[in-house]
1. Taking the stated definitions as given, is Ser204 within 14 Å of the ligand (Cβ to nearest atom), among the small types (Gly, Ala, Ser), touching a residue at least 40 places away in the same chain (Cβ under 8 Å) and open to solvent by 20 Å² or more (accessible area, probe 1.4 Å)?
2. Return only the number of the condition from (1) open to solvent by 10 Å² or more (accessible area, probe 1.4 Å); (2) closer than 22 Å to Pro31 by Cα that Glu282 does not satisfy.
3. Between residues in region 156-180 that are under 17 Å from Leu104 (Cβ atoms) and within 14 Å of the ligand (Cβ to nearest atom) and residues that are part of a strand (DSSP E or B) and not hydroxyl-bearing (Ser, Thr, Tyr), which pairs lie under 9 Å by C-beta distance while being six or more apart or on different chains?
4. Out of the residues in region 292-319 that are within 16 Å of the ligand (Cβ to nearest atom) and surrounded by fewer than 23 Cβ atoms within 10 Å (Cβ to Cβ), state the one that is nearest to His93 (Cα to Cα).
5. If I ask for residues that are in contact with a Phe, Trp or Tyr (Cβ under 7 Å, 6 or more places away or on another chain) and within 15 Å of the ligand (Cβ to nearest atom), which ones from region 218-249 would you list?
6. Out of all the residues in region 212-267, which are out of contact with any helix residue (DSSP H, G or I) (no Cβ under 6 Å at 6 or more places or on another chain), among the small types (Gly, Ala, Ser) and farther than 23 Å from Ala188 by Cα?
7. Out of the residues in region 7-29 meeting the condition of being more than 22 Å from the chain's Cα centre (by Cα) and hydrophobic (A, V, I, L, M, F, W, C), tell me which one is modelled with the lowest pLDDT.
Amino acid sequence: MKPIQTEVGDLAALEALANVPRTPLAFVPTPLLAAEALASALEVPCTLSVKLDAWTGFGLGGNKVRKLEFELAPERLEGVTRLITAGGPHSNHCRVTAAAAAHLGLSCTLVLNGTPSDPSRGNAALHRLYGADILTVTERIHRAAGMEAVAEEEAQAGGRGLVIPLGASTALGSLGYAVAFLELWKQAEAAGDLASTQLVAPSSSGGTLAGLLVGRHLTGWRPPILAVSADDAAEEILDTATRLAIEALSILGSRQDTTDLIKDVRVTDEFVGGGYGVPTEESDEAARLFGRFAACVLDPYYTAKAGAAFIDLLRGAPWTSTDHVIFLHTGGHPAIFR
Ligand SMILES: *Cc1c(COP(=O)(O)O)cnc(C)c1O
């Protein structure tokens, strides 16, 4: 077992990460966009930037593209004829999975819960455009059984289904956000801003946060992180992310204890409001300010809620000109047109 490293990063694990098999899908590096006008509008003296992972590009982009690169590694696709996953009727994860299936010449089934939404709009339209078969179930709890049934059917027909868990939030998928963190590390270093940087990121199934935690350990660069829930309880998200990060580190032959892993990391569920995708006064204001002063489109499910937390954070503390606060924009653009 390796010694636990906290300050200097873990070079062996960094190298291991570079060698984990993956299928390239994302157009990277994504830009780190300066948001000076937004800083002026909010009357804060610090530097604000947006890490634009809405622009990972593939299948209209967002954070799921990076996670699926690892989930859909070539060795995992051997003999696979159909990708199977689940989500809500406007799931970004389902959209990118369907796009990956189209790109790889595979079939795809999406198990969607709840009332089917207008199939001509937003992600619902894109699910169909990318050719996915859609199975609707009434409740979230029926999704897993739905996916198993589809896999069974595929096997009976002589094929093989690959079931991708919700949000591709597995240890393997979270490695996509360790890679994103390395990218951001280089960009922040080039901007000369490593010491006083903080990160705000939307969060739900925990894979993105897990990857960021892994990245902090690998690099030894440990900016504070505020993760903002779109739906689930903060404690639940932090537990899941920590568990996934520890598992992901073990894939890389590394480890860190939980206390160090989540030092200066906070998850808040104070901005969820009426629920998943239900706008609040604060999220509407965030969407307005990001649009008007940063030319950034925030979606109602994830990024607008995180945007509200970002603005609240900026208004709530005394900042100086050396501080740098980065908003991780995880995508979700099609939901604007839901
Ligand atoms: C899925 C998603 C998230 C949440 O990421 P997790 O890894 O599930 O925590 C955030 N933003 C957008 C736009 C998403 O589609």
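1. Yes.
2. The single condition Glu282 does not satisfy is (2).
3. The qualifying pairs are Ile164/Leu83; Ile164/Ile84; Ile164/Ala86.
4. Here is the first cut: in region 292-319, the residues within 16 Å of the ligand (Cβ to nearest atom) are 296-310.
From what's left, surrounded by fewer than 23 Cβ atoms within 10 Å (Cβ to Cβ): 296-297, 300.
Numbers: Cys296: 21, Val297: 18, Pro300: 15 Å.
So, considering only residues that are within 16 Å of the ligand (Cβ to nearest atom) and surrounded by fewer than 23 Cβ atoms within 10 Å (Cβ to Cβ), the one nearest to His93 (Cα to Cα) is Pro300.
5. Listed by number, the residues that qualify are Val228, Ala230, Asp231.
6. The answer is Ala233, Ala234, Ser250.
7. Val8
The values are calculated or read from the model by the stated rules, or taken from the named source; none is laboratory data. Being a predicted model, the structure only gives us computed values, none of them experimental. All Cβ positions, even for glycine, are placed from backbone atoms using ideal geometry, and neighbour counts span all protein chains on display. Each accessible area value is taken on the protein alone, full model and side chains, heavy atoms only, with ligands, DNA and RNA left out. Shrake-Rupley method; radii C 1.70, N 1.55, O 1.52, S 1.80 Å.
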